[in-house]
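The values are calculated or read from the model by the stated rules, or taken from the named source; none is laboratory data. Since the structure is predicted, the reported quantities are computational estimates derived from the model, not experimental observations. Note that each Cβ is placed from the backbone with ideal geometry, even for glycine, and that neighbours are counted across all protein chains shown. Quick note on the areas: whole protein, heavy atoms, side chains included, nothing else; ligands and nucleic acids left out. Shrake-Rupley method; radii C 1.70, N 1.55, O 1.52, S 1.80 Å.
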Amino acid sequence: MTVTVEKRVTSEETHAGHPRRPRDSYALFLLPGVLAFLAVIVVPFLMNTGVSFTDWQGVGSPSWTGLANYRELMDDSEFWESFRHSLFMVVAMAAVPTAVGLVLAAALFDYIGKHFGSRIVAVLRACFYLPQVLPIAVAGIVWSWILAPTDGSLNELLKAVGLSSWRQDWLGDPDIALYSVMGVMVWVQLGFPLVIFMAGLQRVDPQLHEAAELDGAGWWRRFWHITLPQIRPEIYVVLTWCTIAALKVFGAVYVLTKGGPGGATNVPSYFSFTTFFEKTQVGYGAAISTVLTVIILALSLIGLKLQTRAEGTA
């Protein structure tokens, strides 16, 4: 009796008998995203960069001026003032939310979760994260009502508790308008670091804390020497993401103050917007947005490098 053995060609083999690499087909799934990225980001950025080398009012033919817009930008005190305001926004949207979010996440994870249960933690986490999903236009309108100088909720509250002398024109006083916007942005941004840090805290091995506690280490020492080193990748992600958001912030400034009063809350993105559409200096506005984009890209690369290094040592 002759036994015939049939050779089956599996899906992992090609007609030539060599294994097929499934990863080669991944490019087909990435193609739509790549095309969308080129159409929505790369091509407009290149067009904007090209316009930044011209003098153009948005109609007619642009005239080539080379680096004239960038030379003017370097001597523009209004631009540097708006960029200085962006540094304040970095404090309000990156530094403060990262520090406060880290402490709140640790408190929710280590104390409230253990004493009151996971449901309470989930509710509080959702409450902190709610401003992130709220449209910035809606949040800005609500806060403009709260901070209104005459019948705003904050001034009425101060009056009700006998602190009428503390009442201010929160968004109309050049000395405090920027700090008022910063306070609103802290409220808006706080939920993102909190959620990211709570996810990172779940990676920390509880046995490390138990061993340190048996050795007599208090909560702060355990947090500083065990928790923080373990969640360094999350810290770099939050700092990078929030810094980029602070540098390109626009909606809150547009809704709350429109860059005023007297340019006290002007930021580069809003400065570029007004230069484009109000002053119709399209080439100069393109130069502002190009410089801002380059700064954001540089910070993004630095953040990615720090994150990769932290993941390698965590």
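Brief remarks on what is shown
- Meets criteria (out of contact with any Ser or Thr (no Cβ under 7 Å at 6 or more places or on another chain), buried (at least 17 other Cβ atoms within 10 Å of the Cβ) and closer than 30 Å to GLY172 by Cβ) for ALA246: no
- Given (1) aromatic (Phe, Trp, Tyr); (2) open to solvent by 80 Å² or more (accessible area, probe 1.4 Å); (3) touching a residue at least 12 places away in the same chain (Cβ under 8 Å), number of the condition PHE109 does not satisfy: (2)
- The range 255-265, subset in contact (Cβ under 8 Å) with a residue 40 or more places away in the chain and either among the basic types (Lys, Arg) or over 21 Å from ILE146 (Cα atoms) (or both), residue least open to solvent (accessible area, probe 1.4 Å): GLY263
- Of all the numbered requirements in (1) at positive phi; (2) open to solvent by 10 Å² or more (accessible area, probe 1.4 Å), TYR270 misses one, and that requirement is (1).
- Any chance ASP169 is closer than 23 Å to PRO233 by Cα, out of contact with any Lys or Arg (no Cβ under 7 Å at 6 or more places or on another chain) and among the charged types (D, E, K, R): no
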